[in-house]
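A quick write-up on the structure given underneath.
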Amino acid sequence: MSDAASNGGAANGALAGRVVLVSGANGALGEAASRACAMAGATVVLLGRRVPRLQRLHDELAAIGPQPAIYPLDLLGATPDDYAQMAARIEDGMGRLDGILHAAAEFQGLTPLQNTDPLEFVNALHVNVGAPFLLTRACLPLLRRAPDAAVVFVLDDPHRVGRAYWGGYGVSKFALLGLLEVLADELEQSSVRVSALQPGQMQTGLRAKAFMSERPGTWPPASAYADACVHLLSAAGREHRGQVWSPPVAWPPIQIAADDGIAASSTATTPLPLPMAATSAPERAP
Ligand SMILES: NC(=O)c1ccc[n+]([C@@H]2O[C@H](COP(=O)([O-])OP(=O)(O)OC[C@H]3O[C@@H](n4cnc5c(N)ncnc54)[C@H](OP(=O)(O)O)[C@@H]3O)[C@@H](O)[C@H]2O)c1
């Protein structure tokens, strides 16, 4: 793949026949990536904690790709048994699992460590590192049975979050890099690839918790990185095995004068057309 985060991978069937699980499917990146995965042909298991929003996304994806499934789960309270049950239900319902995108993240805002609620710190470490470990661990037997499986973590810029006030979130992203390196080494000879996406700053709810008064449009939307998620989950993602990938995106959009004199904008990412909401009853957890 080129260096760009988007090369239209979502449209080319790069994930046809694959089942991928996306955690944080209700979040900005998780939702955009889930949509791109469905457009690329994947059956997407949408993991999140807000059922009505999961159902809405489910209906949207059902109209553009293979029949998805939702799996409501709060990563903060989920136990190893919950993850084992989840893996068993994916196996029963889908018969396979080819990839996991860990897009969920817990962040409560910028606070000095001295003033941080100890529980908040521990919770961030649990949701951002403990949960990806437990989820991946439970799914590994299923992933190992796939001919080409991918585990994709989502990191943050260590130069930004390894600084004052980023608290448990910042610490957890360093630990997640450690998890990537240990797991990638252990699975080096297997059919399961481990890699990480390190997006640039994105205009999302998570970022707004740190920079409340930021002007909209300052940073690209999470959808700018959706095709990069597809790429890492697809067979083409082999080139990033064991690595952290920080794809550049063109932002702000380049203004191109259209023939009729009206300025048209062009970005590295083609906005994905939103389908009409499907009217069929959404499928519940697999
Ligand atoms: N935004 C940026 O500038 C930026 C930059 C670099 C990296 N990243 C990374 O990109 C990834 C996506 O972030 P985002 O910006 O898209 O943030 P976001 O919109 O806030 O999405 C985060 C998601 O995580 C979910 N989540 C949090 N705690 C959970 C729990 N206990 N159980 C289940 N789900 C939980 C949230 O669920 P709810 O919807 O229910 O709250 C939300 O859907 C994160 O890993 C983040 O670290 C973001």
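The values are calculated or read from the model by the stated rules, or taken from the named source; none is laboratory data. Here the structure is a predicted model, which is why all the values come from computation and not from measurement. In this analysis, Cβ positions are derived from the backbone assuming ideal geometry, glycine residues included, and neighbour counts consider all displayed protein chains.
Observations on the structure shown:
- Residue within the range 60-78 that is away from the ligand (no atom under 13 Å from the Cβ) and closer than 19 Å to SER191 by Cα present: no
- Against the list (1) modelled with pLDDT of 95 or more; (2) of a type outside the set (Val, Ile, Thr); (3) more than 16 Å from the ligand (Cβ to nearest atom); (4) buried (at least 24 other Cβ atoms within 10 Å of the Cβ), the condition GLY41 fails is (4).
- Sole residue being under 18 Å from the mean Cα position of the chain (by Cα) and either within 12 Å of the ligand (Cβ to nearest atom) or under 19 Å from LEU46 (Cα atoms) (or both), chosen from ALA210, ALA149: ALA149
- Number of the exception - LEU97 against (1) away from the ligand (no atom under 15 Å from the Cβ); (2) in contact (Cβ under 8 Å) with a residue 60 or more places away in the chain; (3) outside any loop (DSSP other than H, G, I, E, B): (3)
- For the range 44-59, the set of residues classified as in contact with a helix residue (DSSP H, G or I) (Cβ under 6 Å, 6 or more places away or on another chain) and away from the ligand (no atom under 14 Å from the Cβ) consists of VAL44 only.
- Applying the set (1) in a helix (DSSP H, G or I); (2) of a type outside the set (Lys, Arg); (3) within 16 Å of the ligand (Cβ to nearest atom) to GLU91 leaves exactly one unmet item: (3).
- Long-range neighbours under 8 Å by Cβ, at least six apart or interchain, first residue among the polar types (S, T, N, Q) within the range 225-246, second at pLDDT below 95 and surrounded by 15 or more Cβ atoms within 10 Å (Cβ to Cβ): SER234/GLY9
- Neighbours by Cβ (under 7 Å, 6+ apart or cross-chain): first from the range 202-220, over 13 Å from ALA28 (Cα atoms); second modelled with pLDDT of 90 or more and more than 9 Å from the ligand (Cβ to nearest atom): LYS209/GLN108; LYS209/GLY109; ALA210/GLY109; ALA210/LEU110
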